[in-house]
Amino acid sequence: MSEKTLELQSPRLQALLTRWQAGDTAVLTHFWQEMTQATTPLVEAISDDDAHRLVTFLWRDEAHQLTNVCVTEGPAGFDFHLGQMARLADTDVWYRTYRLPADTCLLYHLSPDNPMPAWGSAAWADFWDAFDPHFFRDDPLNPRRHADGSLLKLPDAPQEPWFSALPDERTGRLDIQDVDSHYLNGLRCVRIYTPAGYKADGSVYPWLLLFDGATYADAIATTMLDNLIDQGMIPPLVVLFVNGTWAERRTDLNCNPQFNAFLVEELLPWARQAYRLSSDPARSAVGGFSLGGLAATFAALQHPYIFGNVLAQSGFFMWTPQMTLQGLQVEPTAVQHNYAWIIRQFVTRECLPLRFHLDVGVFDYNGQPELHSNILMVNRHFRDVLQAKGYDVDYVEFSGGHDFVGWRVALPQALHWLIQ
């Protein structure tokens, strides 16, 4: 495999190359010392464009043994070829520069010696599913980390004033319960958030049901919810965080009628006995990210008089019933006739009493123009369909990728719009 060549956009790298080619052999050592102190990626202003930055991802190959390095996720999406780096002449510097909005906030990995399977192929699905830490590494020169990767946060990224510790009397409570399900042949873990001052014998509360509950609960409960309520962004509410294992997620959230039966016939009756939940669908919401956004939309489609509001963050709306559990391998005829099955249901039905918040990252794509392989494009398509049918839709694109950093940034305004 031949090395990739890229246009050299970074002024800093151009200056490095000029000195190196002039015979300054010490310049590389000084450059890497500078990057260690300043941290990577390298961020540079653009003289005629305050709205963007040049962001250069870097990898040091001191042994000169690598065949390639890739940026994965982040601005490259999930297509390894979009993130493939180039070596800077015959130096130990591998680089890839992107022109990014100045409010970008996203996660990424760096992948040395990536086998470069084509996006959407069986080899790609197997490679991604394995997620070998040898190939998906945190950026060694970036100390800003998240559980799911290295963090890039540009200067104009949105502030998050929702994580201040509050006094105990203004702090909600998070309980945990396993709920047995006949429909799902096992237990599902449910975390339940109740707000500060919750009264078990008082008025009913608006409520929110979120899939991938452990991820949401770790990121927003209870501190974000406490602050949003305390600052009047949302009213006091009860939140049910539902979670299964990774394997269960792939069956629960793939437009599964059995999972919906669990929700409305087992989980909610139990929750209504234990907590003061409103029976007004206008005061309820169901939501999730990726497959969870798809599942939330399907739950509301089947039960619009229970779930009146839908939160879908980077919803995986290209799903078809013929997809494998990886959600990627689809026969071309299945794509042609069943692409975006959930969207087709809204095209053919009368407008239901539902409201939708959709948000998606502008880098949530795979470099493919086809709607069936591009989450950003399919979310725009779903927005257009819903609006054409007469639905109330709040649609947001943020400068991020397919990760919880972006979803967390988008969530406060989403909840403010949904839980009125």
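Here are some notes:
- Any hit, segment 223-237, residues being assigned by TED's automatic domain parsing to the domain that holds Leu277 and within 17 Å of Cys189 (Cα to Cα): no
- When segment 22-68 is limited to residues that are surrounded by fewer than 12 Cβ atoms within 10 Å (Cβ to Cβ) and polar (S, T, N, Q), the one that is farthest from Arg145 (Cα to Cα) turns out to be Thr25.
- Positions within segment 67-111 being under 26 Å from Leu28 (Cβ atoms), touching a strand residue (DSSP E or B) at 6+ places or on another chain (Cβ under 8 Å) and of a type in the set (S, T, N, Q), in sequence order: Asn68, Thr72, Gln84, Thr97, Ser111
- Yes/no for Val360 being of a type in the set (A, V, I, L, M, F, W, C), farther than 30 Å from Arg272 by Cβ, at pLDDT 95 or above and surrounded by fewer than 22 Cβ atoms within 10 Å (Cβ to Cβ): no
- One residue alone among Gly315, Gly293 is surrounded by 24 or more Cβ atoms within 10 Å (Cβ to Cβ), assigned to a loop (DSSP other than H, G, I, E, B), at pLDDT 95 or above and under 19 Å from the mean Cα position of the chain (by Cα), and that residue is Gly315.
- Matching residues, segment 188-212, being among the aliphatic types (A, V, I, L, M) and modelled with pLDDT of 95 or more: Val190, Ile192, Ala196, Val204, Leu208, Leu209, Leu210
- Cross-chain or 6+ apart pairs with Cβ under 9 Å, segment 256-282 first and in the same structural domain as Arg355 (by TED's automatic domain parsing) and touching a residue at least 40 places away in the same chain (Cβ under 8 Å), then among the β-branched types (Val, Ile, Thr) and in a helix (DSSP H, G or I): Gln258/Thr251; Phe259/Thr251
- Note on segment 239-286: enclosed helices (runs of 4 or more DSSP H) holding 1 or more residues that are touching a helix residue (DSSP H, G or I) at 6+ places or on another chain (Cβ under 8 Å) and among the hydrophobic types (A, V, I, L, M, F, W, C) are 257-262.
- Test for Pro133: is it of a type outside the set (Val, Ile, Thr), surrounded by fewer than 14 Cβ atoms within 10 Å (Cβ to Cβ) and in the same structural domain as Val55 (by TED's automatic domain parsing): yes
- If only residues of segment 115-150 that are outside any loop (DSSP other than H, G, I, E, B) and touching a strand residue (DSSP E or B) at 6+ places or on another chain (Cβ under 6 Å) are counted, the one that is modelled with the lowest pLDDT is His146.
Conditions tested, residue by residue: (1) under 30 Å from Ala282 (Cβ atoms); (2) free of Cβ contacts under 8 Å to residues at least 60 places away in the same chain.
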{"site": "Phe131", "(1), (2)": "no, yes"}
{"site": "Phe135", "(1), (2)": "no, yes"}
{"site": "Glu160", "(1), (2)": "yes, no"}
{"site": "Ala165", "(1), (2)": "no, yes"}
{"site": "Thr171", "(1), (2)": "yes, yes"}
{"site": "Leu187", "(1), (2)": "no, yes"}
{"site": "Lys199", "(1), (2)": "yes, no"}
{"site": "Leu208", "(1), (2)": "yes, no"}
{"site": "Gly213", "(1), (2)": "yes, yes"}
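The values are calculated or read from the model by the stated rules, or taken from the named source; none is laboratory data. Since we're looking at a predicted model, the values are computed, not measured. When we count neighbours, we look across all protein chains shown, and the Cβ atoms used for this are built from the backbone with ideal geometry, even at glycine.
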